[in-house]
Amino acid sequence: MPGPSRSSDPGRAFFIALPLPVEAAAPAVRRPGYLAMPSTFAFRILRTLGMFVLSLFVLLALTFVIGRIMPHDPVGLIVGELADAQAFAAMRAKLGLDLPIPQQFWIYLQGILHGDFGNAVLTGTPVLQDLAQAFPATLELATLAILLSAGIGVPVGLLAALYRDSIVDQVVRVLSLLGHSLPVFWFAILGLIVFYGQLQWSPGPGRIDAFYEGIVPTRTGLLLVDSLLAGDSEVFWNAFGHLIMPAIILAYTSMAYIVRMTRSFALEQLGQDYILTARAKGLRLRRVVVRHILPNIAVQLITILAISYGGLLEGAVLIEIVFSWPGIGQYMTNALLIGDMNAVVACTLLIGIVFMALNFLADLAYVALDPRTRSGE
Amino acid sequence: MTADNTMAGPIAVSQPEPGIWRERLLRIVDEPLGLAGLLVLCLFATVAVLAPILAPYDPTVQDLGNIMQAPGAAHWAGTDELGRDILSRLIWGTRITFRTILTVALIIGPLGLVIGVISGYCGGKVDTVLMRFTDIVLSFPSLVLALSFAAALGAGLGTAIIAISLTSWPSIARLARAETLTVRRAEYVAAARLYGASHLRLIFLYIMPMCIPSVIVRLTLAMASVILTAAGLGFLGLGAQPPSPEWGAMISSGRKYMLDAWWIAVMPGIAILTVSLAFNLLGDTLRDILDPRHAR
């Protein structure tokens with residue numbers, strides 16, 4: 001119940017308590033590890049790390065549950081409906097389904113730590129191998145998309161803040177709300193209908209024309225990088241042509257968020273006295289933006305961009321199927337449709353881990369780069 | 001969570017007059033975009049209620065002699081690959097959309113509110129545990145998680161609703177907690193406590209009602225993305241099943257014919273976009289009106 005609760009922020013409690021030996025004794029005895037911590041800064045980093053590990057654990061537990069509540073009985077799928085009870089029991093034992101749940105979870109964890117996600121029903125190969133093949137395609141798509149949405153979104157957000165309530169601001173507001181409201185898979189179909197079907201400006205679905213497939217050796221799995229490494233500009237431009245429309249479409253949906261957040265961060269700074277001072281001493285607006293506003297909102301922007309990047313990996317799931325893009329999204333969708341839970345769980349884990357790792361890095365950047373957190377305020 | 005968890009003395013926040021919300025809500029009339037959003041939503045709600053009267057054709061009856069007709073006088077939005085009238089399917093589809101968002105709102109609204117208010121009111125370890133859990137769920141990729149939940153539970157509208165709800169309550173909980181932290185230090189709460197009001201009474205009668213307006217605003221904004229997630233699940237075949245006229249599923253079936261009969265895939269998308277945009281416009285405006293701190 002409500003009352004003084006210093007324990008909710010042990011780091012703070014410790015440092016407040018440090019000069020007072022009587023109070024310091026309590027947390028120090030209970031958690032001796034804190035004594036070794038040199039500063040709040042390190043503590044915050046460790047706490048962020050702890051939170052990340054905890055989230056990972058919960059994600060693993062969730063995917064374990066998801067894998068266990070599958071609609072079809074995996075034993076029945078393997079031995080067939082007509083098998084006798086003995087065959088059923090034998091297969092259950094072989095799959096480890098007769099063990100206590102905690103033990104099953106432990107085995108599941110061990111498998112994942114060893115990179116063993118089981119075999120995919122569709123391809124028959126280990127899921128990890130499939131993922132390793134599909135992930136670079138998604139990564140390439142999401143990376144170009146984040147570059148586009150950051151490269152356009154941040155300046156546009158700054159503009160909207162500088163010309164607040166002007167017509168520019170209103171147009172930006174509507175456009176970004178529109179991007180926020182678009183079903184991305186539908187927008188992708190629309191893009192294909194217009195730019196591929198009607199105008200024929202864009203190549204069709206797929207990652208590269210069939211003619212160029214397999215020409216450059218796979219090194220990174222990222223076609224743009226591989227073709228550059230092989231010095232084959234023709235393949236590069238073909239792959240780039242295929243990549244650009246899905247990337248723009250994906251970028252637009254996350255740009256909405258980036259624009260809105262940049263705008264509100266910049267507005268916050270514009271209201272501060274130091275900006276007034278800078279303007280009063282005659283600094284040009286552009287210089288104020290570049291020298292004062294941007295450095296001050298950089299940390300917040302990094303956080304937003306990391307979150308958006310994770311969101312793009314997720315958004316890719318929905319548009320890959322439209323563009324026949326051979327990435328994680330398409331792989332996962334196909335697995336969903338045939339109820340291949342090994343593959344579904346592995347995809348969820350992979351996207352989840354990348355997503356959370358990006359969040360974690362953003363938090364870390366926040367702690368590391370923001371002088372206010374460093375001074376332990 | 002660096003928020004102040006100590007019970008400081010009461011602050012001078014008096015309970016607003018009951019009429020203040022009405023007064024603030026009426027300001028929406030001066031906001032053309034927000035008003036447009038509200039009107040569009042009212043229109044769609046009316047269409048959902050009056051679907052049997054408004055729909056010119058039966059949404060599931062196939063007319064194989066009339067497949068893939070372009071939009072025209074007989075079929076305003078054209079017909080699909082089975083000769084069904086797309087407009088009628090869209091009209092019936094509003095019911096599915098509204099059922100989805102209302103159910104999700106009824107699940108995540110109270111759930112987020114209760115978790116947030118209890119967390120903010122109790123403080124201490126309860127707060128730490130609840131908010132850590134909220135943060136963890138918040139850090140998950142919600143769409144992918146909803147996808148795999150829906151896949152595990154079996155495709156269908158019900159599981160889609162559960163899957164979406166499971167991943168979308170944390171933002172509501174965070175907001176309710178933040179509101180509670182302010183409200184619980186108000187003078188009227190301190191007065192009620194002095195009179196001997198129990199914790200439950202304080203939570204449910206004194207604090208929770210104060211959090212409801214901002215929770216509703218956040219719900220409005222959340223609905224925009226709920227619609228998109230639901231449509232995404234339907235598009236991937238994990239939402240409402242055929243022949244039900246779910247908008248996302250309609251786009252999915254139209255995708256195969258997109259180059260020959262664009263309207264099959266395009267029309268449902270316009271409906272999704274319109275409703276989602278309306279929720280965003282309304283939510284955005286409400287937030288500006290009700291929360292003066294959030295300068296637009």
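Take the conditions farther than 30 Å from B:Asp284 by Cα and either open to solvent by 40 Å² or more (accessible area, probe 1.4 Å) or facing chain B (nearest Cβ under 10 Å) (or both) and apply them to A:Pro183. Does it pass? When the stated conditions are applied, A:Pro183 does not pass them. On inspection, A:Gly310 passes the criterion of being assigned to a helix (DSSP H, G or I), within 24 Å of A:Met245 (Cβ to Cβ), within 11 Å of chain B (Cβ to nearest Cβ) and in contact (Cβ under 8 Å) with a residue 24 or more places away in the chain. Of the residues making up segment A:219-247, those that are in a loop (DSSP other than H, G, I, E, B) and within 24 Å of A:Gly315 (Cβ to Cβ) number 3.
Consider segment B:107-147 and keep the residues that are aromatic (Phe, Trp, Tyr) and in a helix (DSSP H, G or I). The one that is farthest from the other protein chains (Cβ to nearest Cβ) is B:Phe133. In segment A:318-339, the residue that is surrounded by the fewest Cβ atoms within 10 Å (Cβ to Cβ) out of those that are modelled with pLDDT under 85 and at the interface with chain B (Cβ under 9 Å from one of its Cβ atoms) is A:Leu337. Picking from residues in segment B:207-266 that are part of a helix (DSSP H, G or I) and basic (Lys, Arg), the one that is nearest to B:Ala191 (Cα to Cα) is B:Arg218.
For segment A:240-297, which positions are within 30 Å of A:Leu190 (Cα to Cα) and among the charged types (D, E, K, R)? Correct list: A:Arg260, A:Arg263. Being away from every other protein chain (no Cβ under 13 Å), open to solvent by less than 30 Å² (accessible area, probe 1.4 Å) and at pLDDT 90 or above holds for only one residue in B:Val215, B:Val266, and it is B:Val215. Within segment A:99-112, residues that are free of Cβ contacts under 8 Å to residues at least 60 places away in the same chain have Cβ atoms under 9 Å from residues that are in a helix (DSSP H, G or I) and aliphatic (A, V, I, L, M) in these pairs: A:Leu99/A:Ala93; A:Leu99/A:Ile107; A:Phe105/A:Leu60; A:Phe105/A:Ala61; A:Tyr108/A:Leu60; A:Leu109/A:Leu60, counting only partners at least 6 apart in sequence or on another chain. A:Gly315 meets all of the listed conditions (1) open to solvent by 10 Å² or more (accessible area, probe 1.4 Å); (2) within 10 Å of chain B (Cβ to nearest Cβ); (3) farther than 26 Å from A:Leu190 by Cβ but one, namely (3). Counting the residues of segment A:178-233 that are within 17 Å of A:Ala134 (Cα to Cα) and not β-branched (Val, Ile, Thr) gives 12. Quick check on my filter: what residues within segment B:148-184 are of a type in the set (A, V, I, L, M) and more than 13 Å from chain A (Cβ to nearest Cβ)? Passing the criteria: B:Leu157, B:Ile161, B:Ile164, B:Ile172, B:Ala173, B:Leu175, B:Ala176, B:Ala178.
The values are calculated or read from the model by the stated rules, or taken from the named source; none is laboratory data. Small disclaimer: the values here were computed from a predicted structure and weren't measured. Using ideal geometry, Cβ is built from the backbone for each residue, glycine included, and neighbour counts are taken over all protein chains shown. Protein only, heavy atoms only, side chains kept; ligands, DNA and RNA dropped before computing areas. Shrake-Rupley method; radii C 1.70, N 1.55, O 1.52, S 1.80 Å.
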